[in-house]
Amino acid sequence: MTDIAYAKLLPEGIPSWHQPYWDSLKAHSVKVQKCSSCGALRYVPKEICNKCLSTAYSWAPIRPTGEVYTYTIVRRAPTAAYQAEAPYALVHVAMDDGFRMIAAMKNADPESVRIGQRVKVAYEDVTPQWTLLQFEPA
Ligand SMILES: [Zn+2]
């Protein structure tokens, strides 16, 4: 399926075993891998647990909150569609469940973003097929 109406980049070449993550975004209830052996949550999806090396896992819901670990403000974006929204902030978030995620920050003046700022997951339904994860102030 081609999403020609959306001008920004969409995931391509996603391994089928990553699909539960994308399905959870579409359901607006983000899930990440949970190791079946030690219980560690992991993101991005990986084939083995980096804590105990188990290959067994399930997909578990997470607390959709965290704090800004670091960030950057994009002033020169990669494509015209992104440039139309510049400046905007990309945030690297230390999630309350102990791993980190990177995404765009919405509903915030990029100049107001601060390290340590509390944020929560937001969902952007960009096409009928794809929902993207973003963050917004908590
Ligand atoms: Zn493990």
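Derivation of every value follows stated rules applied to the coordinates shown; laboratory data play no part. Please read all numbers here as calculations on a predicted model, not as lab measurements. Every residue, glycine as well, gets a Cβ built from its backbone with ideal geometry; the counts of neighbours run over all protein chains shown.
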Filter region 46-60 for residues that are part of a strand (DSSP E or B) and surrounded by 13 or more Cβ atoms within 10 Å (Cβ to Cβ); the one that is farthest from the ligand (Cβ to nearest atom) is TRP59
Matching residues in region 1-40 (exposed (fewer than 12 other Cβ atoms within 10 Å of the Cβ), more than 16 Å from TRP130 (Cβ to Cβ) and among the aliphatic types (A, V, I, L, M)) number 0
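Hey, any hits in region 72-89 for a residue that's within 16 Å of the ligand (Cβ to nearest atom), more than 17 Å from ALA103 (Cβ to Cβ) and loosely packed, with under 13 Cβ neighbours inside 10 Å?
Here is the first cut: in region 72-89, the residues within 16 Å of the ligand (Cβ to nearest atom) are none.
The answer is no, given that none of the residues of region 72-89 is within 16 Å of the ligand (Cβ to nearest atom), more than 17 Å from ALA103 (Cβ to Cβ) and loosely packed, with under 13 Cβ neighbours inside 10 Å.
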The residue from LEU90, LEU53, LEU10, LEU41 that alone is aliphatic (A, V, I, L, M) and touching a Leu at 6+ places or on another chain (Cβ under 9 Å) is LEU10
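With respect to SER112, is the statement that it is over 17 Å from the mean Cα position of the chain (by Cα), away from the ligand (no atom under 16 Å from the Cβ), among the hydroxyl-bearing types (Ser, Thr, Tyr) and surrounded by fewer than 19 Cβ atoms within 10 Å (Cβ to Cβ) true?
yes
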